[in-house]
Amino acid sequence: MSTVKRDTNLSYNCWLGYRKIKNKDLLIEYKKAFSCISVFGETKTIDAALYELKYGISKMLGKTPRIAGSESSGGINIGLVDRFDILSSKEINDIGDEGFIIKNHDKRIIITGKTGRGILYGVFTFLRLMQLERPVSSMNVIDNPVNMLRMVNQWDNMDGTIERGYAGNSIFYRNNNFVRSKKRIRDYARLLASVGINGIVLNNVNVHHYETRMITKTFLPKVAALADIFREYGITVFLSVNYASPVEIGGLPTADPLDTAVREWWSGTVKEIYSYIPDFGGFLVKADSEYRPGPFTYGRNHAEGANMLASVLKPFNGIVIWRCFVYNCLQDWRDRETDRAKAAYDNFMPLDGEFLDNVILQIKNGPMDFQVREPVSPLFGGLKKTNQMLELQITQEYTGQQKHVCYLVPQWKEVLDFDTYSKGEGSTVKRIISGRVYPQKYCGIAAVSNIGDDETWTGHILAQANLYGYGRLAWNPDMDMNGITDEWIILTFSDHPTVVKNIKSILLNSWRTYENYTSPLGIGWMVNPGHHYGPSVDGYEYSKWGTYHRADCFGIGVDRTVKGTGYTAQYHKRNADMYDNIESCPEELLLFFHRVPYNYRLKSGKTLIQHIYDTHFEGVEQVREFKSKWLSLKDLIDPERFEHVLDRLNTQIEDAIEWRDVVNTYFYRKSGIPDEKGRKIY
């Protein structure tokens, strides 16, 4: 594991670097207002809040505030709401268990909540306002998280590797054991809590032999040690489990969820877990997909499988998060009716209402697999009687693997704002997953983490913006992406107008740029099998029966209309009709829903083939423009981070050229139609 000194390493500090306040008048005001801190309450989470407050203020003001023994007539007061009689009943009623109040009153700043977790979130918000150099008079905030569960899923393996990890090795595990030093894990907890994350799954959903043993006495004390760290920062620990654990480590001949011995084995295991971790969150399960074991082996369905686990967790207030990423990877792709996109809906819609109330279905944002462009999964708006949460991928598996800058907040905003029309207009994904459309006992949002032991945490400093942006959207999906982006840039680099303008331009244009030089119009994939990096137009893993995109000399795309695979029928009528008609289908998803001839004219007036050529050339030039914008910041950013990002941009330019040439050459040879602009296509 890399060794870092947190106070001086800008790459490692991410958005918690806390630069000294530059505005001299504001610095004087802050020093006067924040010279001391009074604390009411002695929980470990309040202690963590106090530590963060002292650390942040001392970095920004150059002076450590003193700790007052009792309530001060000035300074900062932190504690639970019942310690402050100046709060109105309305203010108290306006916050939930994780909400907070920052109140400027009578020369005091009060940071309070109903729980230590709320106070911690209030402290991090207060420090953010300080670094953004907001005047003391404006520090009045009442805020609550919109989503109940705000989680990250680690895909870390106990051998130290990370599946789909692009930032080094695991910060948790080495050589099939837990790491000894926990400092970096604590700093990760700080980063997550600072953006409101309240849950973490500690291991890969693809549970291998050693991870299966994490629920045994051998490793539970070590899991408990991590839970102690995350608990201080308001984060609940979950584990991924192998559905076949009763066979793998329990010595039973079956994992049939309806078998009494299987249920008793899980009941004993769960009881033991809670003896080590009383506030353990529960299990994340990937079953019956990509060769993972599950209830299908025994002729049982997903509800029967999930409910067995949920029933043994329920007495401890634990939950089962059951992933909806299920499909048969051995499907015959020669069959025109075969469509992996339909799999999740086909598997889970017939079971709506059959899951226990402590089961949550975790649904990927799209029906496929985190492609650069997909429609929203029709399970959102389809399911009406089942707890559900959205799954995103922060780690850039199909979007440049943290070698390319690809800021995903704009993509996520489109997903969250998508209207399913499930219960009339306004039935957006963000309202469904927060329980505002259909009643849900548990709901929320999860995302696959993008961190590793790289000194930068994410392998590409600009990829830190994805982790920050995810946390902010998980807290409040209505947040404006411009505001989120500005925050991250200012907190991470500086508020210099040129720095903010240029980095913001790079970030906000990067997703579309990546799409331009990789896969056109929603077709997806076209990457090297296995590792998913670099162009391979026919490279879809399960393509032995033919290419996924089905391109030939006449056209490209998959007919998913009611006359094709029938996938469009999984949406509510307004969206189904929109996608089913080639004229109304959004062009960025045209090839996902329709098979289109190369000479088809888009709304721009270009033919489909010319659009493919043009966007791939444009994508390369856009990355070159990113580099130009970055070069202009040479004297405004520290040399280490400047050179780091410049190196990544040089790699991105080279890769974008390769993508352009491979994809354009492929379609030129398929179609036989030359570029109208006479550019060289090999």
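The values are calculated or read from the model by the stated rules, or taken from the named source; none is laboratory data. Here the structure is a predicted model, which means the values were calculated and not measured. Note that each Cβ is placed from the backbone with ideal geometry, even for glycine, and that neighbours are counted across all protein chains shown. The area values use the complete protein model at the heavy-atom level, side chains included, leaving out ligands, DNA and RNA. Shrake-Rupley method; radii C 1.70, N 1.55, O 1.52, S 1.80 Å.
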Per-residue ³J(HN,Hα) for the stretch 157-174, Karplus 6.51 cos²θ - 1.76 cosθ + 1.60, θ = phi - 60°, Hz, x for Gly and Pro: 9, 5, 6, x, 7, 10, 5, 6, x, 10, 9, x, 8, 5, 8, 9, 10, 8
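Using only alpha-carbon positions, what ratio does the radius of gyration of the stretch 50-118 give when scaled by 2.2 N^0.38 Å? Walk me through the numbers on the way to the answer.
Details: Rg = 12.7 Å, N = 69, 2.2 N^0.38 = 11.0 Å.
That ratio works out to 1.15.
May I ask you to derive the relative contact order of the stretch 189-275, considering only C-alpha pairs under 8 Å and at least 6 residues apart, and to give it as an integer percent? Let's see the in-between values first.
Values: 80 pairs, mean separation 27.4, N = 87.
Relative contact order, the stretch 189-275: 31 percent.
Could you tell me which of the pairs Lys114/Lys364; Lys182/Lys430; Lys31/Lys90; Lys20/Lys403; Lys364/Lys573 are separated by over 28 angstrom between their Cα atoms in the structure shown? Working shown, then result.
Working: Lys114/Lys364 33 Å; Lys182/Lys430 35 Å; Lys31/Lys90 31 Å; Lys20/Lys403 31 Å; Lys364/Lys573 22 Å.
Beyond 28 Å between Cα atoms: Lys114/Lys364; Lys182/Lys430; Lys31/Lys90; Lys20/Lys403.
Applying a 10 Å radius around every beta-carbon, put 390-399, 141-150 in order of their mean neighbour count, most first. Provide the component values of the computation, followed by the final result.
Values: 390-399: 24.9, 141-150: 20.6.
Per-residue mean Cβ counts within 10 Å order the peptides as 390-399, 141-150.
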Just to make sure I understand: if all protein chains stay in place, what is the order of Ser671, Ser632 by accessible area at 1.4 Å, largest first? Ser632, Ser671
Under 16 Å from Lys183, Cα to Cα: lysines that are on another chain or at least 8 residues apart: Lys5, Lys222
At a Cα cut-off below 16 Å, give the aspartates and glutamates reachable from Lys271, other chains included and same-chain residues fewer than 8 away excluded. Asp279
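What whole-number value in Å² describes the accessible area per residue of the chain for a 1.4 Å probe? Each step should come with its number before you reach the end.
Details: 24860 Å² over 682 residues.
Ligands and nucleic acids excluded, the figure is 36 Å² per residue.
Quick check on the stretch 570-682: what does the Kirkwood estimate of hydrodynamic radius come out to from the alpha carbon pairs, in Å?
16.7 Å
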Of the heavy-atom accessible surface of the stretch 549-682 (probe 1.4 angstrom), what whole percent is carbon and sulfur? 52 percent
So what is the diffusion coefficient of the stretch 243-387 in µm² per second by Stokes-Einstein at 25 °C and 0.890 mPa s, using a Kirkwood Rh over Cα pairs? 151 µm²/s
For the stretch 137-276, Kirkwood radius (reciprocal of mean inverse C-alpha pair distance, Å): 16.6 Å
Under the Karplus curve 6.51 cos²θ - 1.76 cosθ + 1.60, θ = phi - 60°, whole-Hz ³J(HN,Hα) for the stretch 594-609, x wherever Gly or Pro sits: 9, 8, 10, x, 4, 8, 5, 8, 7, 4, 6, x, 7, 6, 4, 5
Which option, [x] 28.7; [y] 29.5; [z] 26.5, is the value of Kirkwood radius over Cα pairs in Å that was calculated from these coordinates? [z]
Under 5 Å between amide hydrogens, which residues at least 5 positions from Lys423 or on another chain qualify, with H placed 1.01 Å from N in the peptide plane? none
What does the highest-first list of 199-205, 285-291, 155-161 look like by mean Cβ count within 10 Å? 199-205, 155-161, 285-291
Could you give me the radius of gyration and the Dmax of the stretch 265-312, taking only the C-alpha atoms into account and expressing both in angstrom? 12.3, 34
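For the stretch 630-682, count all C-alpha to C-alpha pairs, find those more than 12 Å apart, and express that count as a whole percent of the total. The partial results should precede the final answer.
Numbers: 970 of 1378 pairs.
Considering the stretch 630-682, 70 percent of its Cα-Cα pairs are separated by more than 12 Å.
With contacts defined as alpha carbon pairs under 8 Å and 6 or more residues apart, what's the relative contact order of the chain in percent?
Details: 1316 pairs, mean separation 76.1, N = 682.
Reported relative contact order: 11 percent.
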nm² value of the averaged projected area, convex hull over the Cα atoms of the stretch 317-427: 9.1 nm²
Summarise the long-distance tail of P(r) for the stretch 191-258 by giving the % of C-alpha pairs beyond 15 Å. 58 percent
Please report the net charge: other residues with Cβ closer than 14 Å to the Cβ of Ile249, K and R +1, D and E -1. -1
FRET efficiency for His105 and Leu508, using Cβ-Cβ distance with R0 set to 41 Å, rounded to 0.05: 0.60
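Compute and list, largest first, the equivalent-ellipsoid semi-axes of the stretch 500-594 from the alpha carbon gyration tensor, each √(5λ) rounded to a whole angstrom.
For the stretch 500-594, the ellipsoid semi-axes come out as 26, 22, 11 Å.
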How much solvent-accessible surface does Lys44 expose, in Å² to the nearest 10, with a 1.4 Å probe and all protein chains in place? 140 Å²
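With the contact rule set at Cα under 8 Å and sequence spacing of 6 or more, what percent relative contact order holds for the stretch 398-534? Can you show the working numbers first?
Values: 119 pairs, mean separation 39.1, N = 137.
Result for the stretch 398-534 is 29 percent.
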Would you mind telling me the share, in percent, of accessible area of the stretch 101-231 contributed by carbon and sulfur at probe 1.4 angstrom? 48 percent
